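As structure tokens, the structure follows; a few thoughts come after it.
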Amino acid sequence: MTRPAAPISKGANSKDEGGMIYGSARDWRAASRKKVLFFGMSGLGKTHVSNRLRDNGDWFHYSIDYRIGTRYMGEFITDNAKAEAMKVPFLRDLLMSDSIYIGSNISFENLTPVSTYLGKPGAPGKGGLPIAEYRRRQDQFRHAEIYALLDTEYFIDRAQRLYGYPHFICDTGGSICEWVDPEDPRDQVLSELSKHTLMIWIEGSEAHTAELIRRFDKAPKPMSYQPEFLSRVWEAYLAENDCTPDEVDPDAFIRWTYAQALAHRQPRYRAMARNWGITVTAEQIGAIRDAADFDALIESSLENRPD
């Protein structure tokens with residue numbers, strides 16, 4: 001990771017100093033360059049609508065998760081794979097003689113290397129990580145995501161200057177709300193992002209939440225958590241199941257945690273939308289066919305935004 005892994009401090013910029021980048025439907029219609037950022041729970045359409053707009057030809061798609069995996073955690077991911085390969089004598093000999101190359105084949109469609117590296121805490125015999133190592137990787141991801149978010153302005157300029165794209169999408173991960181304080185008008189990350197993009201919350205219904213939980217229960221995947229939340233649910237899980245950290249079933253723990261994580265994030269997303277952007281529903285996003293549909297939806301949302 002190029003930047004130092006130091007705590008992120010509060011910045012001087014605030015929403016109060018400049019307001020939203022498009023303060024009205026009229027501003028949106030008149031804009032020659034439209035720049036938006038999607039946030040919300042994973043699985044509600046952020047990447048779907050980003051792909052629809054990108055396919056239109058005029059929109060640059062900046063994926064935060066892809067940037068994390070290629071720029072800020074790529075070395076961690078590769079080194080972890082090499083460490084596993086070094087445990088196999090045959091592969092160790094090849095690595096030590098520079099006879100093979102190991103790297104992650106990350107793409108917009110395949111971000112598995114990032115989640116695999118994050119892992120799950122619990123019993124080593126079931127593929128779990130010691131909780132201290134798990135927390136270390138969580139902290140690496142926190143810094144990586146913040147840095148990738150703060151790279152947004154650079155990519156806005158790059159998309160236009162290098163490739164000639166007039167419009168821009170920042171497609172964020174579900175954990176953006178874990179690292180910001182949406183009630184603080186001087187929050188560094190949110191004030192920076194709102195200077196350059198219109199922040200759009202894709203809100204899911206109770207039915208969407210139930211479906212996400214069902215889907216996650218079927219195929220649990222690693223997540224990132226706010227440190228305080230992780231400590232609380234970890235200790236609660238150990239107490240409720242009367243087990244030690246080395247006895248925790250990794251999949252059982254993250255299944256048990258998932259619904260709580262969604263409930264923890266929902267009010268944070270809502271505050272981000274209330275103080276820093278606008279709200280659209282997952283149903284509205286799912287109905288978008290092209291850029292014209294998207295323009296109409298954002299125009300309507302700006303017109304109906306509460307004062």
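The values are calculated or read from the model by the stated rules, or taken from the named source; none is laboratory data. Computed from a prediction, not measured in an experiment: that's the story for all the values here. Because the Cβ atoms are built from the backbone with ideal geometry, glycine has one as well, and the counts that use them run over all protein chains shown. Please note that ligands, DNA and RNA were not included when accessible areas were found on the heavy atoms of the full protein model with its side chains. Shrake-Rupley method; radii C 1.70, N 1.55, O 1.52, S 1.80 Å.
General observations
- Once the Cα-Cα distance is subtracted from the 0.36 nm per residue extended length, the T244 to D58 segment shows a gain of 61.6 nm.
- Heavy-atom accessible surface of the chain: percent carbon and sulfur, 1.4 Å: 49
- A simple packing score, the average count of other Cβ atoms within 10 Å per residue, orders the peptides 264-276, 162-174 as 162-174, 264-276, with the highest score first.
- Ligands, DNA and RNA are left out, and with a 1.4 angstrom probe the accessible area of the chain is 48 Å² per residue.
- Put simply, the convex hull of the Cα atoms in region 165-307 casts, on average, a shadow of 10.9 nm².
- Here the sum of -39500 (n - 2.57) over DSSP H runs of 4 or more residues, divided by the residues of the chain, equals -16500 deg cm²/dmol at 222 nm, to the nearest 500.
- The convex hull drawn around the Cα atoms of the chain, when projected onto a plane and averaged over every direction, covers 17.7 nm².
- Rolling a 1.4 Å probe across all protein chains gives L193 an accessible area of roughly 0 Å².
- Couplings 3J(HN,Hα) of region 82-87, computed from phi: 5, 4, 5, 5, 5, 6 Hz, in residue order, whole Hz [Karplus 6.51 cos²θ - 1.76 cosθ + 1.60, θ = phi - 60°; x for Gly and Pro].
- Radius 15 Å from Cβ of D217, net charge of other residues (Lys, Arg +1; Asp, Glu -1): +3
- When L37, L94 are compared by accessible area at a 1.4 angstrom probe, the order from most to least is L94, L37.
- Neighbours of E203, meaning other residues whose beta-carbon lies under 14 angstrom from its beta-carbon, give a summed charge of +4 when Lys and Arg score +1 and Asp and Glu score -1.
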